[in-house]
Amino acid sequence: MNTPSHLILNLALLRRPVAPVMTWPILIGALIPDAALFLFYGWGRQQGLPEQTIWGEAYYSQPWQAIFAVGNSIPLGLLGVALGYSLRRFWFGPSIGFLGASMVLHHLADLPLHHDDAHQHLWPFSAVRFISPISYWDVDHFGRLGATIELGLVLVASAYLLRRLSSRLSQALLGITTVLIVVAYGALVLAPLT
Ligand SMILES: [Zn+2]
């Protein structure tokens with residue numbers, strides 16, 4: 001799943017109706033699993049690698065696969081939830097818990113939508129990867145279906161969130177992000193069909 005989709009989905013599912021709503025821990029937790037990807041892409045560009053080599057070869061190489069595994073670890077996310085729960089009496093406890101929960105939700109959303117680019121979600125206990133038949137982007141593996149499922153979830157989550165956000169700024173940010181996701185879907189999924 002694409003990073004902006006995780007941000008919207010996790011906020012819709014985890015944000016609480018009363019203060020503290022935990023917006024920032026949820027957003028940071030949703031970002032952590034993909035953080036290494038941004039570093040990786042920056043590195044690839046800096047090395048002068050073509051786009052195809054970055055995503056088709058370098059992505060699958062070591063040490064990058066080992067680095068991606070850390071952020072995508074379900075046990076690590078669960079550790080955050082457990083830590084947050086045991087520290088809940090401290091002011092920072094709930095933040096750690098929600099950050100961990102948001103990481104786990106990101107992992108669970110990725111599980112059914114990654115084919116051969118799947119992550120090692122059980123790091124450090126196992127290097128096993130769940131190869132889903134459906135990809136969120138790869139047209140050779142139902143990528144159009146995967147992208148459409150992702151878009152549907154994002155639209156429902158956005159509509160739900162929009163009425164619950166109190167500030168005009170956050171509503172605008174959500175609106176702009178959703179529009180960009182729809183435009184990207186149109187460019188990547190619909191345009192090649194016409
Ligand atoms: Zn991810």
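The values are calculated or read from the model by the stated rules, or taken from the named source; none is laboratory data. Because the structure is predicted, anything quoted here is derived from the model rather than measured. FYI the Cβ positions are ideal-geometry reconstructions off the backbone, even for glycines, and counts take in every protein chain you see. SASA here: full protein model, heavy atoms, side chains in, ligands and nucleic acids out. Shrake-Rupley method; radii C 1.70, N 1.55, O 1.52, S 1.80 Å.
Observations, loosely collected:
- Scope region 123-138; condition in contact (Cβ under 8 Å) with a residue 12 or more places away in the chain and either in contact with a Lys or Arg (Cβ under 9 Å, 6 or more places away or on another chain) or surrounded by fewer than 16 Cβ atoms within 10 Å (Cβ to Cβ) (or both); matching residues: Pro124, Phe125, Ala127, Phe130, Ile131, Pro133
- Of all positions in region 104-121, at least one carries a residue that is in contact with an Asp or Glu (Cβ under 6 Å, 6 or more places away or on another chain), open to solvent by less than 70 Å² (accessible area, probe 1.4 Å), under 21 Å from Gly143 (Cβ atoms) and part of a loop (DSSP other than H, G, I, E, B).
- For region 75-97, the count of residues that are of a type in the set (A, V, I, L, M, F, W, C), open to solvent by less than 40 Å² (accessible area, probe 1.4 Å) and touching a Phe, Trp or Tyr at 6+ places or on another chain (Cβ under 9 Å) is zero.
- Of residues in region 65-94 being of a type in the set (Gly, Ala, Ser) and touching a residue at least 12 places away in the same chain (Cβ under 8 Å), the one nearest to Ala127 (Cα to Cα): Ala69
- Checking each residue in region 137-158 for being within 15 Å of the ligand (Cβ to nearest atom) and either among the aromatic types (Phe, Trp, Tyr) or within 22 Å of Gly77 (Cβ to Cβ) (or both) picks out Trp137, Glu150, Leu153, Val154.
- Residue within region 129-136 that is more than 16 Å from the ligand (Cβ to nearest atom) and not in a loop (DSSP other than H, G, I, E, B) present: no
- Total residues in region 1-57 satisfying the condition of being within 13 Å of the ligand (Cβ to nearest atom) and farther than 21 Å from Thr177 by Cβ: the figure is 2.
- Taking the criterion of being within 16 Å of Pro17 (Cβ to Cβ) and either open to solvent by 30 Å² or more (accessible area, probe 1.4 Å) or in a helix (DSSP H, G or I) (or both), the residues of region 149-170 that qualify are Ala157, Tyr160, Leu161, Leu162, Arg163, Arg164, Ser166, Ser167, Ser170.
- From the options Phe68, Phe38, residue that is under 23 Å from Ala147 (Cα atoms) and surrounded by fewer than 12 Cβ atoms within 10 Å (Cβ to Cβ): Phe38
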